[in-house]
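> Structure in structure tokens, see below.
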Amino acid sequence: MTQDDADGRILTVTDLKQFAYCPRIVYYTYCLPLLRPQTYKMVESQQAHQEETLREERRSLRPYGLPDGARSFDVRLRSARLGLRGRVDLVINTGQELIPVDYKLTENAPGPHFRLQLAAYGLLLAETSALPVRRGFVYAIPLRQAIEVPLTARLRRQVERLTADMRQVVMREEMPAAPARRGRCWVCEFRRFCNDL
């Protein structure tokens, strides 16, 4: 971790996803960094990502509705303008466009936090290439299904707004309010620290 990362100037795309899900996760990550418990679900997800990369290398691009394209795995991205960095699971280059793909261990439709994560990857990719980035895919591992997500201007603006909000939480070291949807708290690694359930 660089000094810019440690003091909150460069945040991660995963932080953005977490912030959209529950802003307190980012607060705990940066303001109380020694408290990082890991859940079984987190470990299972990391293992599923590794296994999926091996499968992806062997299959065609048919799940994405593409006849062909070049694949790059585990692509590291960084934007000084946005103050974000990240590592996207897969980038497909069709020669006409770049398409970020994020593997998820879910059977549900991509929630808003997953869509924001893809949009952030799209913004980071667009800064490094002349090719357009108009869409991405969430690949639902248990379903073996690629779900297309249009990377709209609205979604991109939301990424920029939430990134600024997230940075303010880190810089001010102020704990955000609890999420309105408390059902999320039961699987959170920081559930024991909030004390307002």
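The values are calculated or read from the model by the stated rules, or taken from the named source; none is laboratory data. The shown structure was predicted, so the numbers you read here are calculated from the model rather than taken from an experiment. Cβ sites come from the backbone with ideal geometry, for glycine too, and all protein chains shown count toward neighbours.
> Within the range 151-158, is there a residue that is under 18 Å from residue 69 (Cα atoms), crowded, with 18+ Cβ neighbours inside 10 Å and touching a strand residue (DSSP E or B) at 6+ places or on another chain (Cβ under 8 Å)?
Initial filter on the range 151-158 (under 18 Å from residue 69 (Cα atoms)): none.
Looking for residues that are under 18 Å from residue 69 (Cα atoms), crowded, with 18+ Cβ neighbours inside 10 Å and touching a strand residue (DSSP E or B) at 6+ places or on another chain (Cβ under 8 Å), one finds none in the range 151-158, hence no.
For every residue, the table says whether it meets (1) in a helix (DSSP H, G or I); (2) within 17 Å of residue 69 (Cα to Cα); (3) among the charged types (D, E, K, R).
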site: 107; (1), (2), (3): no, no, yes
site: 116; (1), (2), (3): yes, no, no
site: 120; (1), (2), (3): yes, no, no
site: 127; (1), (2), (3): yes, no, yes
site: 160; (1), (2), (3): yes, no, yes
site: 176; (1), (2), (3): no, no, no
site: 179; (1), (2), (3): no, no, no
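> Output the residues belonging to the range 142-158 that are charged (D, E, K, R) and in a helix (DSSP H, G or I).
Across the range 142-158, the qualifying residues are 154, 156, 157.
> Do we find that residue 106 is within 22 Å of residue 11 (Cα to Cα), in contact (Cβ under 8 Å) with a residue 12 or more places away in the chain and not basic (Lys, Arg) in this structure?
Taking the combined requirement at face value, the residue does not satisfy it.
> Filter the range 129-141 down to residues that are part of a strand (DSSP E or B) and of a type in the set (A, V, I, L, M) and give me whichever is modelled with the highest pLDDT.
Out of the qualifying residues, it is 138.
> Follow-up. Quick one: residue 106 ticks every box in (1) surrounded by 19 or more Cβ atoms within 10 Å (Cβ to Cβ); (2) farther than 17 Å from residue 156 by Cβ except a single one, so which number is it?
Here residue 106 meets the rest and fails (1).
> Looking at the range 1-60 only, could you name the residues that are at pLDDT 70 or above, of a type in the set (D, E, K, R) and closer than 22 Å to residue 146 by Cα?
Answer for the range 1-60, where residues must be at pLDDT 70 or above, of a type in the set (D, E, K, R) and closer than 22 Å to residue 146 by Cα: 17, 44, 51, 52, 55, 56, 57, 58, 59.
> Mind checking which residues of the range 72-104 are part of a strand (DSSP E or B) and among the polar types (S, T, N, Q)?
72, 79, 93
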